[in-house]
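Have a look at this one before I ask anything.
Just so you know, all these numbers are worked out from the coordinates, no wet-lab data involved. Keep in mind it's a predicted model, so treat the numbers as computed, not measured. Neighbour counts are summed over all protein chains in view; Cβ atoms, including those assigned to glycine, are modelled from backbone coordinates with ideal geometry.
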């Protein structure tokens, strides 16, 4: 333990080996910061329908909007990360950005989806939506960046960090299940279409209430650890903006983690809301099943995610967990491609829905494959977040600089800029098969081109991303043994600095 904190009320968080810990309850509470921002990410994911239906954009321009805003969001990251690393006031480093960001998200999202369609038709709506969105994404980055930057001060125990990913996976799976069910079983049936201002109001209210609750819990959870004592070697790093280039050049770990994450993100971001409508509303023929199927598979998916984090990641390290999860997800993505190619999705049904006479072969195989696929992908996708904290500690080990804001926002900057092309790719694919002026909706007839496009976007692009994961992890240097060496060295530096400070006094 750092002698500087012995005998203080914060000493309870430290162990004799120089590691500091957080209770599982606090770790879970802090992961809700990611849920708070993901609720608004979900809301913006459906903005393409609002843009087409109320702002008057064509499909290609609407999909390009998501690309432009994601690039803008990426460019705001380094600036805000720089501010985070220079911040160390009365309320810590993380909490001010969480609170200000969340308030800004509420205000700007309300304006986007309640004011835009009240303006005169034409270019003024487009310009207004773009301008307000730019402000919206600044506040989004304020809060979202803390999900990555706050982790290193929450705990530096290599065995405990995978818990963050485990809790985050559980939260996001539950959130996704609830949102999908609400959209397919409540909101869309209530209004009969995605092109409804009232539907977007209901979605906003749901996001607002959930995000406020989650942010409040997350702020409380990180409060006792949001202090200088838990910042790397216990010092506030003097930072220059040029350090971003130096870190990207010399921190091998963050470079290869970015490769793994951004290729996955291209795949996941390509799976826009219109793809969900096509898969369930057109290929299956029953859009309400999308929410019900999520409920059927989520519990088992959670079990797989818990095994991945609780057993593989904690015992063998986060790098190995990502490798194993990527291999498993790749296998079941291929099986899904075969199922949708040679099976009949119109035979899918569940108890309680019209026409159900028993479980079909397609339904059973879809459920089984989805459980395994989603479980493996939950690990491979969410283990990246606690791995960023490892990269931040590696930077302390490599250069002596504790820069979690820089590390997290550098990661997200490159990730967002590269993955920003994903919605545009899907928009161009839709335009290529004839949907230039509007996305397919529940009234669009079935076509083979829609089926091929959907299979490629949902399963083919994901498989490509998983292959990149495996290649990147061959180059990634932070295995379990290396992280133990890093934490031991950081503890030694803290003890040395504390002893020197004691002599100086």
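How long, wide and thick is the stretch 83-169, going by the Cα atoms along their three principal axes, in whole angstroms, largest first?
56, 32, 15
Next up: For the pair residue 464/residue 368, report the inter-label distance in nm, with labels modelled 7 Å from Cα in the Cβ direction.
It works out to 3.0 nm between the two label points.
On to the next question. Residue 248 to residue 195: extension gain in nm, 0.36 nm per residue of separation minus the Cα-Cα distance?
Stretched fully, the residue 248-residue 195 segment lengthens by 14.8 nm.
Calculated FRET efficiency, residue 488 and residue 268, Cβ-Cβ r, R0 51 Å, to nearest 0.05? It would help to have the intermediate numbers written out before the result.
Values: r = 36 Å, r/R0 = 0.71.
Computed FRET efficiency for residue 488 and residue 268 comes out at 0.90.
Would you calculate a helix-derived [θ] at 222 nm for the chain, using -39,500 (n - 2.57) for each DSSP H run of n ≥ 4 and dividing by the full residue count, to the nearest 500?
On the way: 21 runs with 345 residues, N = 505.
Dividing the helical sum by the residues of the chain leaves -23000 deg cm²/dmol.
Now a separate question. Show me 260-268, 209-217 ranked by packing, highest mean number of other Cβ atoms within 10 Å first.
Put in order of decreasing packing, that is 260-268, 209-217.
Right, something else. Report the extension gain between residue 209 and residue 432 in nm, rounded to one decimal, defined as 0.36 nm multiplied by the number of residues separating them, less their alpha carbon distance.
Here the segment from residue 209 to residue 432 would lengthen by 76.4 nm.
If I take R0 = 41 Å and measure r between the Cβ atoms of residue 131 and residue 446 in this structure, what FRET efficiency does the formula 1/(1 + (r/R0)^6) give, to the nearest 0.05?
0.55
Using a simple spin-label model with points 7 Å from Cα along the Cα→Cβ vector, what separation in nm is obtained for residue 327 and residue 346?
4.1 nm
Then there is this: Pull out the extension gain between residue 216 and residue 315, defined as 0.36 nm times the separation in residues minus the alpha carbon to alpha carbon distance; nm, one decimal.
Residue separation times 0.36 nm, minus the Cα-Cα distance, leaves 32.4 nm.
Output the 0 to 90 degree angle, nearest 10, between the alpha-carbon long axis of helix 252-270 and the longest principal axis computed from the alpha carbons of the chain.
20 degrees
Evaluate E = 1/(1 + (r/R0)^6) for residue 479 and residue 228, where r is the Cβ-Cβ distance and R0 equals 30 Å; express this FRET efficiency to the nearest 0.05.
Efficiency, rounded to the nearest 0.05: 0.50.
Highest first, please rank the peptides 431-438, 352-359, 451-458 by the mean number of other Cβ atoms sitting within 10 Å of their residues.
Highest to lowest by the protection proxy: 451-458, 431-438, 352-359.
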